[in-house]
Amino acid sequence: MPHQLVYSFDCVSPWSYIGYHVLQRYTQKWPIQVDWNPASLAYVMKFSNNQPPVTVPNKGAHMVRLLQTAEQMYGGVLRVIKDKYPARLDAMIRKCLHEIWHVGHHELDREALERLLQNVFTVEEAASLIDAAFSKETRQLLAQEAKALVEQGAFGFPWIVATRESDQTSTAN
């Protein structure tokens with residue numbers, strides 16, 4: 001069994017974006033297995049009593065709106081995909097990151113998310129995923145998982161837990 005990494009991330013954090021691409025490269029070269037864990041940065045920040053790095057009033061106002069919108073649109077959807085369609089999770093992570101960081105798609109609504117999902121899923125699957133993503137159950141699951149991450153020490157993203165193959169020793173950072 002290779003070394004294990006649990007990579008907890010969101011799509012709007014620039015460090016999550018960079019870390020994702022770095023890990024993609026190294027999974028080809030190193031004996032590691034990555035568990036991609038899309039999670040809620042908003043809940044982690046809330047439960048850890050952390051403040052966002054952008055606290056300049058004008059930037060902060062814009063960033064809060066952008067983060068909340070992206071969190072609502074991508075966070076829940078990726079979490080549902082991880083459970084229902086794990087084999088397609090990586091393709092959706094790539095698509096979401098591309099939309100945010102390359103296309104600059106920040107004005108998100110249900111129709112935009114449906115179009116995005118239809119690159120990887122059927123129309124029916126996309127509609128079902130969106131419904132599940134916005135459900136009360138998914139929001140509760142994201143909150144529970146965020147609390148568990150904060151208990152590990154997380155205060156932002158990305159959050160990585162590495163487990164060595166040799167002795168199953170884990171460390172978080």
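The values are calculated or read from the model by the stated rules, or taken from the named source; none is laboratory data. Nothing here was measured: the structure is a model prediction, and the numbers come from that model. Heads up, the Cβs are rebuilt from the backbone with ideal geometry, glycines too, and the neighbour counts pull from every protein chain shown.
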Return a yes/no flag: does the stretch 84-105 have any residue that is at pLDDT below 80 and in a loop (DSSP other than H, G, I, E, B). yes
Complete set of residues in the stretch 1-10 that are closer than 17 Å to residue 94 by Cα and either at pLDDT below 85 or assigned to a loop (DSSP other than H, G, I, E, B) (or both): 10
Among residues of the stretch 11-30 being at pLDDT 85 or above and touching a helix residue (DSSP H, G or I) at 6+ places or on another chain (Cβ under 9 Å), the residue nearest to residue 97 (Cα to Cα) is 17
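Out of curiosity, is residue 125 buried (at least 17 other Cβ atoms within 10 Å of the Cβ) and out of contact with any Gly (no Cβ under 9 Å at 6 or more places or on another chain)?
no
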Hey, can you tell me all the residues within the stretch 119-150 that are over 23 Å from residue 20 (Cα atoms) and either of a type in the set (D, E, K, R) or in contact with a strand residue (DSSP E or B) (Cβ under 9 Å, 6 or more places away or on another chain) (or both)? 124, 125, 131, 136, 137, 139
When residues of the stretch 16-41 are filtered for being under 17 Å from residue 149 (Cα atoms), out of contact with any Gly (no Cβ under 8 Å at 6 or more places or on another chain) and either in a helix (DSSP H, G or I) or basic (Lys, Arg) (or both), how many remain? 1
When (1) closer than 21 Å to residue 50 by Cβ; (2) touching a Gly at 6+ places or on another chain (Cβ under 9 Å) are applied to residue 134, the one that fails is (1)
Going residue by residue through the stretch 67-77, is there one that turns out to be surrounded by 14 or more Cβ atoms within 10 Å (Cβ to Cβ), farther than 22 Å from residue 131 by Cα and modelled with pLDDT of 65 or more? no
Members of the stretch 148-173 found to be closer than 14 Å to residue 37 by Cα and among the basic types (Lys, Arg), listed by number: none
Criterion first (aliphatic (A, V, I, L, M) and part of a loop (DSSP other than H, G, I, E, B)) does residue 154 satisfy it? yes
